[in-house]
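The values are calculated or read from the model by the stated rules, or taken from the named source; none is laboratory data. Nothing here was measured: the structure is a model prediction, and the numbers come from that model. With ideal geometry, Cβ positions are generated from the backbone for all residues, glycine too; neighbour counts draw on all protein chains shown. Remember, those area values only see protein heavy atoms, side chains included, never the ligands or the DNA or RNA. Shrake-Rupley method; radii C 1.70, N 1.55, O 1.52, S 1.80 Å.
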Amino acid sequence: MPTQSTGLSCPRCSRTFPASPAYLDLTLSSGVQQRVYAQRSWGGTELFRNPLVSFAYERGWRQGFAWAGFPGADKEYDMAMSYLLPAAQGRVLVDMSCGSGLFSRRFARSGSFSGVVAADFSESMLQQTREYCRAEGGTSTPITLLRADVARLPFATGGVAALHAGAAIHCWPNPQAALAEISRVLAPGGVFVASTFLTATAPLGAVLGDDAVRPLSRAMPSPRASSMRYWEEAELRDLCEAVGLQDFRRQRDWQFILFAATKPRPSGA
Ligand SMILES: C[S@@+](CC[C@H](N)C(=O)[O-])C[C@H]1O[C@@H](n2cnc3c(N)ncnc32)[C@H](O)[C@@H]1O
């Protein structure tokens, strides 16, 4: 069962984070009354805070990603585990932007990790995760439900063995800031594993080469301008390298890509 939060106080910044019966809320505005300032909302984040969307997510919405080549949760779980296990077996795994917890629950059921942190910005997604966990019964691996913004992770620098983010980077408001934060929290040798949508030209690019189809890709009306973006493989590789993650590996099919990159160990370590 997901652990219940009891509230926390931070001795460094003197902030207190109130208790919630469902999850621990470590977002910036947790427990803070803001009189005037309102955060500008971002579609890729706000959409999933809608309780109806959260309810529908694992009841058909997520399965709909098959159009892009997503092979389905069981296969994606197997693919992710092949990268996660070497870095994080027996350690705590963070499932960032966990949604309704479809992977968090599988990770916990595997018994391969000492704990799973199921983290998301959406309160209603965390509620869904909690309900699915309850309905499915307990696992020997504890699942901690955490409300957090991917661009401000409440983890110590170098403290995370592995971070998984299924089908989420295209929703994040600032992927570059998010990846910098993920790189910060990863331990040396730690791994980041993520899946997302490639651009509509990716299937052609798989045959002719992505460089060859880039002009076509750039000329097409693109979700780049909207609150969700589709990616070129090279952009994902660039982002990882820019934040110091190395050894970019990937598997792709049609517009689906699952990739992994590793936080290097200091030389001589
Ligand atoms: C399409 S869902 C993916 C859910 C699940 N990981 C999967 O593989 O199906 C994207 C998730 O990203 C989360 N998200 C969006 N913006 C976020 C942010 N700034 N910080 C953390 N999570 C965010 C949403 O709440 C949503 O649950």
Inset, instruction - Keeping to the range 181-197, report how many residues are surrounded by fewer than 24 Cβ atoms within 10 Å (Cβ to Cβ) and under 20 Å from residue 227 (Cα atoms). - result: 1
Inset, instruction - Can you give me the number of residues within the range 213-245 that are of a type in the set (Gly, Ala, Ser) and at pLDDT 95 or above? - result: 3
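Listed here are the residues, each with its yes/no results for (1) more than 12 Å from the ligand (Cβ to nearest atom); (2) closer than 20 Å to residue 105 by Cα; (3) open to solvent by 10 Å² or more (accessible area, probe 1.4 Å); (4) outside any strand (DSSP E or B).
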| site | (1), (2), (3), (4) |
| --- | --- |
| 141 | yes, yes, no, yes |
| 144 | yes, yes, yes, no |
| 156 | yes, no, yes, yes |
| 161 | yes, yes, no, no |
| 164 | no, yes, no, no |
| 168 | no, yes, no, yes |
| 171 | no, no, yes, yes |
| 176 | yes, no, yes, yes |
| 179 | yes, no, no, yes |
Inset, instruction - Would you mind finding the one in 124, 112, 97 that is without any contact (Cβ under 8 Å) to a residue 40 or more places away in the chain and hydroxyl-bearing (Ser, Thr, Tyr)? - result: 112
Inset, instruction - Mind listing whichever residues of the range 50-86 are open to solvent by less than 90 Å² (accessible area, probe 1.4 Å), of a type in the set (Phe, Trp, Tyr) and under 23 Å from residue 122 (Cβ atoms)? - result: 57, 65, 70, 77
Legend entry - Residue satisfying all of: in the range 229-246; within 19 Å of the chain's Cα centre (by Cα) and loosely packed, with under 15 Cβ neighbours inside 10 Å; farthest from residue 158 (Cα to Cα) among these: 238
Inset, instruction - Please find, within the range 28-49, the residue that is least open to solvent (accessible area, probe 1.4 Å) out of those that are near the ligand (Cβ under 8 Å from one of its atoms) and closer than 20 Å to residue 128 by Cβ. - result: 44
Inset, instruction - Within the range 111-139, work out how many residues are assigned to a loop (DSSP other than H, G, I, E, B) and near the ligand (Cβ under 9 Å from one of its atoms). - result: 2
Legend entry - Residue in the range 13-27 that is within 16 Å of residue 120 (Cβ to Cβ) and exposed (fewer than 14 other Cβ atoms within 10 Å of the Cβ) present: no
Inset, instruction - Considering each of 203, 215, 221, 188 in turn, give the residue that is in contact with a Pro (Cβ under 7 Å, 6 or more places away or on another chain) and more than 21 Å from residue 149 (Cα to Cα). - result: 188
Inset, instruction - Give, as residue ranges, the helices (runs of 4 or more DSSP H) completely inside the range 187-269 that count at least 3 residues that are farther than 27 Å from residue 72 by Cβ. - result: 210-219, 233-242
Inset, instruction - Report, ordered by the first and then the second residue, all pairs with beta carbons closer than 8 Å, sequence separation of six or more or different chains, a first member in the range 189-205 that is in contact (Cβ under 8 Å) with a residue 40 or more places away in the chain, and a second member that is of a type in the set (Lys, Arg) and crowded, with 24+ Cβ neighbours inside 10 Å. - result: 189/263; 190/263; 191/263; 192/263
